[in-house]
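**Q** Take a look at the following structure, please.
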Amino acid sequence: MSTVLITGAARGLGLEFTRLYAAGDWKVMACARTPDGLKGVEGDVQHHALEVTDYKAMKALARKLDGEAIDVLICNAGIGGSRGSPGQDLGGFDPGEWRRIFEVNTLAPLMMAEAFVEHVARSKERKMVAITSVLGSLASNNGGRYFYRASKTALNMEWNCLARDLGSRGITCVALHPGWVQTDMGGGTAPLTIDQSVPAMVKTIAGFKPSDNGRYLQYDGTELPW
Ligand SMILES: NC(=O)c1ccc[n+]([C@@H]2O[C@H](COP(=O)([O-])OP(=O)(O)OC[C@H]3O[C@@H](n4cnc5c(N)ncnc54)[C@H](OP(=O)(O)O)[C@@H]3O)[C@@H](O)[C@H]2O)c1
């Protein structure tokens, strides 16, 4: 049986990842601040309480899972910033909001990768996935949402560095954009439903080969411009 660890696993895209992997007979380490959303999910799902910016708790969890093999690590937890707040717009920048967004979207996934690299290295599949965004692409930037965009651009760079450091250990590191999806973050007008995005991501992740290490892809496996 293969194992996946997912952050932000009890809501939005993370919850659907949990459902799909569990239904596919994976062991799911579902990391979430509260387990409420996981109620009723069938299969081998273990809830681990994790606030991703609590690095002491993160390291304690890594120690607790010492000896376990994690085939796929999905760093999914993320925030977009206060909806409708001018804090991310030129003229209204809110430094506290910048720190909050970068902490969750950029620093926490890197700390996850460091904390769980040995668990991934001892697995069969050896895959590390950062759920990023096309809004982090410099090549397709059309401005606005400075903090969220920059947090994902920096996340992409981190994953590119990890790919270079970990490729020789057979670990495949990919930055994966889910598409614009109808979740609390994506909003109701997003063009994709969760059912269109997450099964496609699961399929794309299943198809990763070592040669995909260091790539920046969208949910269906299409390459994105950095
Ligand atoms: N939806 C889109 O259109 C879209 C597009 C591009 C990229 N993404 C990325 O996809 C990922 C998932 O987004 P989503 O659309 O599913 O958003 P969502 O519905 O708002 O869910 C966000 C998830 O992240 C978790 N989370 C946030 N801060 C956390 C923290 N400090 N510690 C632990 N968990 C935390 C939330 O947990 P709680 O329930 O505890 O709050 C929730 O499970 C994010 O990285 C996002 O940037 C989404």
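No lab work stands behind these numbers, since they all come straight from the coordinates. What you see is a predicted model, and the numbers here were worked out from it, not measured in a lab. A quick note on method: Cβ atoms are made from the backbone with ideal geometry, for glycine too, and the neighbour counts reach across all protein chains shown.
**Q** Relative to the longest principal Cα axis of the chain, at what angle does helix 55-64 sit, 0 to 90 degrees, rounded to 10?
**A** The angle comes out near 20 degrees.
**Q** Pairs LYS27/LYS124; LYS27/LYS64; LYS64/LYS127: which exceed 18 Å Cα-Cα? Present the calculation step by step, with values, prior to reporting the outcome.
**A** Values: LYS27/LYS124 14 Å; LYS27/LYS64 16 Å; LYS64/LYS127 21 Å.
Where the Cα-Cα span goes over 18 Å, the pairs concerned are LYS64/LYS127.
**Q** So how far apart, in nm, are the two label points at ASP220 and ILE79 if each is 7 Å from Cα heading toward Cβ?
**A** Between ASP220 and ILE79, the label points sit 3.3 nm apart.
**Q** Taking LYS39 as the anchor, which aspartates and glutamates have their alpha carbon closer than 20 Å to its alpha carbon, excluding any fewer than eight residues away along the same chain?
**A** In chain and number order, the partners are GLU16, ASP25, GLU51, ASP184, ASP195.
**Q** Just check the chain against the gyration tensor rule for me: Cα atoms, a ≥ b ≥ c as the square roots of the eigenvalues, rounded for a/c under 1.5, and otherwise prolate or oblate depending on whether a/b exceeds b/c.
**A** Values: a/c = 1.42, a/b = 1.33, b/c = 1.07.
Judged from the Cα gyration tensor, the chain comes out rounded (a/c under 1.5).
**Q** Separation between the LYS203 and GLU103 pseudo-spin-labels, each 7 Å from Cα along Cα→Cβ, expressed in nm?
**A** Each label point is offset 7 Å from its Cα along the Cβ direction, giving 3.9 nm.
**Q** In degrees, nearest 10, range 0 to 90: what is the angle between the Cα axis of helix 108-121 and the longest Cα principal axis of the chain?
**A** 20 degrees
**Q** For the pair ASP184 and ASP54, what calculated FRET efficiency results from E = 1/(1 + (r/R0)^6), where r is the Cβ-Cβ distance and R0 = 25 Å, to the nearest 0.05? The partial results should precede the final answer.
**A** Working: r = 22 Å, r/R0 = 0.86.
Here the calculated transfer efficiency is 0.70.
**Q** Can I ask one more? Relative to the present Cα-Cα distance, how much length would full extension add between SER140 and LEU90 at 0.36 nm per residue of separation?
**A** Working: separation 50, 0.36 × 50 = 18.00 nm, distance 1.94 nm.
Here the segment from SER140 to LEU90 would lengthen by 16.1 nm.
**Q** Mind jotting down the distance between the C-alpha centroids of segment 87-151 and segment 11-38, whole Å?
**A** Between the Cα centres of segment 11-38 and segment 87-151 lies a distance of 21 Å.
**Q** Let me ask you something else. Find out how many positive minus negative residues lie around GLY221, taking Lys and Arg as positive, Asp and Glu as negative, among other residues whose Cβ is under 15 Å from that of GLY221. Present the calculation step by step, with values, prior to reporting the outcome.
**A** Numbers: positive: LYS127, LYS203, LYS209, ARG215; negative: ASP212, ASP220, GLU223.
So the environment of GLY221 carries a net charge of +1.
**Q** Helix 12-23: angle to the longest alpha-carbon principal axis of the chain, degrees 0 to 90, nearest 10?
**A** Tilt of helix 12-23: around 20 degrees.
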